[in-house]
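J.: My structure is below; once you've seen it, I'll send some questions.
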Amino acid sequence: MQDAIRFEKQLKRRRRAWKIRLIEKDNPRWADLYLEMMAPPPLHPDLQAAMAGGLWVGWVFRLRRKPG
């Protein structure tokens, strides 16, 4: 956590031109990356196969059942 805070403070001290060069190095077209960054990670192949086969319904039911 301290490393992240230190990095943020370093960024704030830099000039605008340096920040623009940093962005354009990896994203020269200034594409909006929000949807890409916020997309859920892909499912594990086994879970994907279980869901495709309809097995997930029973699995969810077992999770919700109260023991006893």
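The values are calculated or read from the model by the stated rules, or taken from the named source; none is laboratory data. Predicted model only: the values in this text are computed from it and were never measured. Note: ideal-geometry Cβ built from the backbone for every residue, glycine included; neighbour counts use all protein chains shown.
J.: What pairs come up if the first residue lies in the stretch 6-23 and is of a type outside the set (A, V, I, L, M, F, W, C), the second is in a helix (DSSP H, G or I), and their beta carbons are under 9 Å apart, counting only those six or more places apart or on different chains?
T.: Listed by first residue and then by second, the contacts come to ARG14/LEU22; LYS19/LEU11.
J.: Further, regarding this structure: Looking only at the stretch 1-45, filter to residues that are small (Gly, Ala, Ser) and in a helix (DSSP H, G or I); which one of those is modelled with the lowest pLDDT?
T.: ALA4
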